[in-house]
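To start, the structure under review is shown below, and the notes come after it.
The values are calculated or read from the model by the stated rules, or taken from the named source; none is laboratory data. These figures come from a predicted structure and were not determined experimentally. In this analysis, Cβ positions are derived from the backbone assuming ideal geometry, glycine residues included, and neighbour counts consider all displayed protein chains. Just the protein is used for accessible areas: all its heavy atoms, side chains included, with ligands, DNA and RNA removed. Shrake-Rupley method; radii C 1.70, N 1.55, O 1.52, S 1.80 Å.
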Amino acid sequence: MILLVLGVLLFAGVHLIPSLAPGVKSAWLGRLGEAGYKGTFSLLLLAAFALIIMGWRSAQVTHVYLPSPALHSPALALLIIAFLLMVVAQRKSRLRRLVRHPQLTGVLLWGVAHLLLNGDSRSVILFGGMTLWALLEIVAINRRDGVWIKEDAPGWGAELLTLAITIIVVGVIVYIHPWIAGMPVH
């Protein structure tokens, strides 16, 4: 369980540096340059993912709470919305006029949905930790960046393409979920 906690903390810590510790980012950039900064950032994230995966697989699972079967369908709906927002974060979309941080909001909804579906200790650490990180990151970025300037809305063709991409992403995630998490989506 310690590896899982360390992985989540490393992931969150590295991501929070630009918004909460811009001086650290500036020093890091000054010492290593843009390529060195991005390379080190990426290596630290790979280390975080490795810790999370090893921690997840090696954790002694205990049950913290019993998820309600009535929340299964709403949680799956939240997951679809989460993946839609993650796709929207990479594209122009009308949703970007409603949601300032679609990627982080998607991660937040992804975490909440998994907490509704899983009541074990490792799920609470991973999904609770990622949910808290996303929420803290949204607040920190809003504080750092100030006023939200909304972009122009794209045409409806772009929206339909975004929806098609989301359907494909959800299908791929459902297919590979047993290999990623060790359990099928059901």
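Checking the conditions here, which among V170, V99, V107 is among the aliphatic types (A, V, I, L, M), under 19 Å from the mean Cα position of the chain (by Cα) and not in a helix (DSSP H, G or I)? Don't jump to the end; show me each part of the working.
Values: V170 fails: not in a helix (DSSP H, G or I); V107 fails: not in a helix (DSSP H, G or I).
Going through V170, V99, V107 in turn, just one is among the aliphatic types (A, V, I, L, M), under 19 Å from the mean Cα position of the chain (by Cα) and not in a helix (DSSP H, G or I): V99.
Can you name every residue in segment 152-167 that is surrounded by 11 or more Cβ atoms within 10 Å (Cβ to Cβ) and not in a helix (DSSP H, G or I)?
Within segment 152-167, A153, P154 meet the criteria.
Of the conditions (1) of a type in the set (D, E, K, R); (2) closer than 25 Å to L51 by Cβ; (3) over 19 Å from the mean Cα position of the chain (by Cα), E137 satisfies every one except a single condition; which number is it?
Going through (1) of a type in the set (D, E, K, R); (2) closer than 25 Å to L51 by Cβ; (3) over 19 Å from the mean Cα position of the chain (by Cα) one by one, E137 breaks only (3).
Regarding segment 13-26, can at least one residue be identified that is in contact with a Gly (Cβ under 6 Å, 6 or more places away or on another chain), more than 17 Å from G111 (Cα to Cα) and surrounded by 12 or more Cβ atoms within 10 Å (Cβ to Cβ)? Break it down into steps so the answer makes sense when it comes.
Residues of segment 13-26 in contact with a Gly (Cβ under 6 Å, 6 or more places away or on another chain): none.
Within segment 13-26, none of the residues are in contact with a Gly (Cβ under 6 Å, 6 or more places away or on another chain), more than 17 Å from G111 (Cα to Cα) and surrounded by 12 or more Cβ atoms within 10 Å (Cβ to Cβ).
Kindly establish whether A35 is open to solvent by less than 50 Å² (accessible area, probe 1.4 Å) and of a type in the set (A, V, I, L, M).
Criteria not met by A35.
Filter segment 39-59 for residues that are open to solvent by 70 Å² or more (accessible area, probe 1.4 Å) and in contact (Cβ under 8 Å) with a residue 60 or more places away in the chain and give the result.
Hit for segment 39-59 is R57, nothing else.
Out of everything in segment 110-147 that is of a type in the set (D, E) and assigned to a helix (DSSP H, G or I), what residue ends up being modelled with the highest pLDDT?
Of everything passing the filter in segment 110-147, E137 is modelled with the highest pLDDT.
Can you pull out the residues in segment 96-116 that are over 24 Å from P184 (Cα atoms) and in contact (Cβ under 8 Å) with a residue 40 or more places away in the chain?
Within segment 96-116, R96, R97, R100, H101 qualify.
Among (1) over 17 Å from the mean Cα position of the chain (by Cα); (2) β-branched (V, I, T); (3) closer than 30 Å to Q60 by Cα, there is one condition V147 misses while meeting the rest; what is its number?
Unmet for V147, out of (1) over 17 Å from the mean Cα position of the chain (by Cα); (2) β-branched (V, I, T); (3) closer than 30 Å to Q60 by Cα: (3).
Any idea which of V99, V64 is open to solvent by 60 Å² or more (accessible area, probe 1.4 Å) and among the β-branched types (V, I, T)? Write out each step before concluding.
Numbers: V99 fails: open to solvent by 60 Å² or more (accessible area, probe 1.4 Å).
Selected residue: V64, the only one of V99, V64 that is open to solvent by 60 Å² or more (accessible area, probe 1.4 Å) and among the β-branched types (V, I, T).
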